[in-house]
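Visitor: One structure coming up, written as structure tokens, with questions to follow.
The values are calculated or read from the model by the stated rules, or taken from the named source; none is laboratory data. Keep in mind that what you see is a predicted model, and the values were worked out from it rather than measured. All Cβ positions, even for glycine, are placed from backbone atoms using ideal geometry, and neighbour counts span all protein chains on display.
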Amino acid sequence: MNFVYFDVETERAADEVGGWRNIEQLGLAIAVTLSSRDNQYRIYRKEQANALVDELRAADCVVGFNLRDFDLRVVQSYVDYKLQDLKYLDLLLELKTAAGFRVSLNNCCNATLGEAKSSEGLQSIIWWREGRHDAVIDYCKQDVLLTRRLHEFGVENGFVKCLDRKGRIKTLQVYWNLTGEPIAPQQGSLF
């Protein structure tokens, strides 16, 4: 199986394009993938969006955090292929359902792995504008690696953790695997 972990960084912030409803206008600065097959990072710029999509289409499953409502929407404006048709796992959607509220990658990685993101998305936009493209790439690579570690932890343990809105650790059951096929939650016996 080839899982491709995926994240993007943008050229603009949401408030510069009229809000989150205009994600397609944020502009693709950098996309990073990490393949479970060869453990290689691949870096893409907007001019290489079709090559990025070729890699995503060849994957058995694409894994990301806020993939459906952010990363895929950013890339969609550069390609003809309907990215929602990819076989993917959006960890945010799964964890939001389990937690009952929207959690962040940083929250889950801190609580589960004891690891934090190196910065935040708005900082990467500043770096991009300053021409510090290597800093943006490094930041994006770290997010991809954290996404992979969180996914693999959930596969191995059947749960991840997050802090709830009161700052308490909450354990979230997850039904992830490395086959790319969905696993339904198991119904326990009532008797």
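Visitor: Please go through region 106-125 and give me each residue that is more than 24 Å from H151 (Cα to Cα) and in contact (Cβ under 8 Å) with a residue 24 or more places away in the chain, ordered by number. Don't jump to the end; show me each part of the working.
Guide: Narrowing region 106-125 to residues more than 24 Å from H151 (Cα to Cα): 122-123, 125.
The answer is L122, I125.
Visitor: Separate question: If I ask for residues that are buried (at least 18 other Cβ atoms within 10 Å of the Cβ), of a type outside the set (K, R) and either more than 14 Å from E9 (Cα to Cα) or in contact with an Asp or Glu (Cβ under 6 Å, 6 or more places away or on another chain) (or both), which ones from region 131-163 would you list?
Guide: Within region 131-163, V136, C140, D143, V144, L146, T147, L150, H151, F153, G154, V160, C162 qualify.
Visitor: Okay, next question. In region 40-76, how many residues are over 23 Å from N22 (Cα atoms), in contact (Cβ under 8 Å) with a residue 60 or more places away in the chain and out of contact with any Phe, Trp or Tyr (no Cβ under 7 Å at 6 or more places or on another chain)?
Guide: 2
Visitor: Out of curiosity, is W128 crowded, with 16+ Cβ neighbours inside 10 Å, part of a loop (DSSP other than H, G, I, E, B) and touching a residue at least 40 places away in the same chain (Cβ under 8 Å)? Lay out the reasoning, then the answer.
Guide: Numbers: crowded, with 16+ Cβ neighbours inside 10 Å: yes; part of a loop (DSSP other than H, G, I, E, B): no; touching a residue at least 40 places away in the same chain (Cβ under 8 Å): yes.
Considered against the rule, which asks whether it is crowded, with 16+ Cβ neighbours inside 10 Å, part of a loop (DSSP other than H, G, I, E, B) and touching a residue at least 40 places away in the same chain (Cβ under 8 Å), W128 comes out as no.
Visitor: Further question on the same structure: Which numbered condition in (1) in contact with a strand residue (DSSP E or B) (Cβ under 8 Å, 6 or more places away or on another chain); (2) at pLDDT below 95 is the only one that L150 fails?
Guide: All conditions are met except number (2).
Visitor: Which of the residues that make up region 111-136 are under 20 Å from C162 (Cα atoms), polar (S, T, N, Q) and at pLDDT below 95?
Guide: S118, S119
Visitor: Answer yes or no: is there a residue in region 67-90 that is within 30 Å of E156 (Cα to Cα) and of a type in the set (G, A, S).
Guide: There is no residue in region 67-90 that is within 30 Å of E156 (Cα to Cα) and of a type in the set (G, A, S).
Visitor: Now, a different point. Look through V17, V4 and report the one residue that is among the β-branched types (V, I, T) and more than 20 Å from V144 (Cα to Cα).
Guide: Working: V4 fails: more than 20 Å from V144 (Cα to Cα).
Of V17, V4, the one residue that is among the β-branched types (V, I, T) and more than 20 Å from V144 (Cα to Cα) is V17.
Visitor: Moving on. Find the residue count for region 151-176, including only residues that are touching a residue at least 40 places away in the same chain (Cβ under 8 Å), among the aliphatic types (A, V, I, L, M) and not in a loop (DSSP other than H, G, I, E, B).
Guide: Qualifying residue count, region 151-176: 4.
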